[in-house]
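The values are calculated or read from the model by the stated rules, or taken from the named source; none is laboratory data. None of the values given here were measured: they were computed from a predicted structure. Because the Cβ atoms are built from the backbone with ideal geometry, glycine has one as well, and the counts that use them run over all protein chains shown. To get the accessible areas, we keep the full protein, side chains included, count just its heavy atoms, and leave off ligands, DNA and RNA. Shrake-Rupley method; radii C 1.70, N 1.55, O 1.52, S 1.80 Å.
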Amino acid sequence: LEGAAWRPMRKRLLLDFSSLPDGGQNFEAMAWGPSAGRGHRWLLVASDNNFFPGVPTVLLAFEMRTAAR
């Protein structure tokens, strides 16, 4: 980044995953999904079971409102 113009981003906690009923999952994937309409987007979060039998793979989908600019 040396010599480049950049601006640090602020961050804000949106969700504490440990507060979810299955919050002990190993969430390790996150991606924007397609438009949900009305200026909203889908945010997809996924875990895997790390090859442990009986541990489910979990996919969470959140409808996110985009911030006004």
*asked:* Run through the chain and list the chymotrypsin sites (Phe, Trp or Tyr not before Pro) located in a DSSP loop whose Cβ has at most 15 other Cβ atoms within 10 Å.
replied: W6, F51
*Label assignment, log10 I(q)/I(0) by the Debye sum over Cα atoms at q = 0.13, 0.14, 0.21, 0.22 Å⁻¹ derived from the structure, set (i) -0.38, -0.44, -0.90, -0.97; (ii) -0.54, -0.59, -0.85, -0.88; (iii) -0.56, -0.62, -1.00, -1.04*: (iii)
*For an R0 of 35 angstrom, estimate the FRET efficiency from the Cβ-Cβ distance between H40 and R7 and round to the nearest 0.05.*
0.85
*Extent of region 30-69 along each principal axis, from alpha carbon coordinates, in Å, largest to smallest?*
45, 16, 11
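What number, in percent, do you get for the relative contact order of the chain if the mean sequence gap of Cα pairs under 8 Å and at least 6 apart is divided by its residue count?
On the way: 80 pairs, mean separation 15.8, N = 69.
The normalised contact order for the chain reaches 23 percent.
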*For the chain, give the magnitude of the charge dipole about the Cα centre (Cβ charges: +1 Lys/Arg, -1 Asp/Glu; no others), in debye to the nearest 20.*
580
*Which of L60, L44, P8 sits closest to the plus end of the dipole of the chain, meaning its Cα is farthest towards the positive end, when Lys and Arg get +1 and Asp and Glu get -1 on the C-beta?*
P8
*Distance in nm between pseudo-label sites at F51 and M30 (7 Å out along the Cβ direction from Cα)*: 2.7
*asked:* Considering only protein heavy atoms and a probe of 1.4 Å, how much of the accessible area of the chain is carbon and sulfur, as a whole percent?
replied: 58
